[in-house]
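Rule-based calculations on the coordinates, nothing more; no lab input. Keep in mind that what you see is a predicted model, and the values were worked out from it rather than measured. Please note: Cβ atoms are built from the backbone with ideal geometry, for glycine as well, and neighbour counts cover all protein chains shown.
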Amino acid sequence: MEFVRHNWRYLLGAAMLHALFAGLFALTMLSLPHDAPPPQLAINAVLTIDPKLAAQAARSEKAARDRAKAEQEKAAREKAAEEQRRNEEDRKQEQQKETEQRAEAERQVEAKQKQEKEQQRIKEEQQVREKQETERKQKAEVEKQRQAEAQAESERKRVADIKRRQDEEAQKRKAAEDARALAAREAELKNQMAEEEGRTQAENAGVKNAWGALIEQHIYRNWNRPPSARPGIDCEVNVTQTPTGTVLSVKVGKCNGDDAVRQSIEAAVLRASPLPPAPDPRVFERNVTLLFRPKE
């Protein structure tokens, strides 16, 4: 198909030339007489062609060949020119591509050099900053150590001065407290002697026993008997109170009851606060031991 596309003119000329020869042959055959004698067994025939027609056909064929050759040469020249043009364009594109590649390579080299210079500058600046920071830290550490030593020395002096003043004040307080304690002991001794004497008299009169009975009854009235309480409860109760009867603490000592009984007794004492006051202040006791023996 490529051959036909490029040489169609020559092929057309050749076809026309053959068609001309075929037409001449047909005319020759038509010009022959139709009443020819019947054929013989042996026939000698000679085909003759008009010289003018043959010369004309030859000239036409030569002209067709010349035109085909001219067209072929023209097509070859056009093809060569087109190939040369394409080669020239390819060469220019290749040159342009090489130029762009060289320019890009140079740009990359320049960019890389610029980047390396920038990195080197940043590295140098970082080294300078690190050196300055190291020097600053060293100076700060030296200054901090100096201040710490100065502060420690000042603190030692301050502590020593405080201790000295505290020792002096402690000695003064101790002397004053010793004097007050001596006076208080003497006064307390006198009061104890007087109270003991009055207490002895009051106990002899049964006042203390009566007061203890009042306290026990008051506690019994505030006691809620737990289900686990069995008959014959006998518990020792230690109570700490104020002179006004306010219960400060309560603790159950020896007791034949379980934990529920113990807790109920402690709760009863706390609910009974304040306890009945002593009929005679001389029989008052801060710490009282009671026997919790409720009636059945």
Would you confirm whether or not region 214-229 contains a residue that is touching a strand residue (DSSP E or B) at 6+ places or on another chain (Cβ under 7 Å) and exposed (fewer than 10 other Cβ atoms within 10 Å of the Cβ)? no
For region 252-268, state whether one or more residues are touching a Gly at 6+ places or on another chain (Cβ under 7 Å), surrounded by 15 or more Cβ atoms within 10 Å (Cβ to Cβ) and of a type in the set (D, E, K, R). no
Can you tell me which residue is farthest from residue 212 (Cα to Cα) among those in region 225-269 that are in contact (Cβ under 8 Å) with a residue 40 or more places away in the chain and charged (D, E, K, R)? 225
Which residue pairs have Cβ atoms under 7 Å apart, sit 6 or more places apart or on different chains, and have a first residue in region 7-21 that is surrounded by 15 or more Cβ atoms within 10 Å (Cβ to Cβ) and a second that is basic (Lys, Arg)? 9/67; 13/67
Any pair with Cβ under 6 angstrom, 6 or more apart, that starts in region 75-90 at a residue that is exposed (fewer than 10 other Cβ atoms within 10 Å of the Cβ) and ends at one that is of a type outside the set (Lys, Arg): none
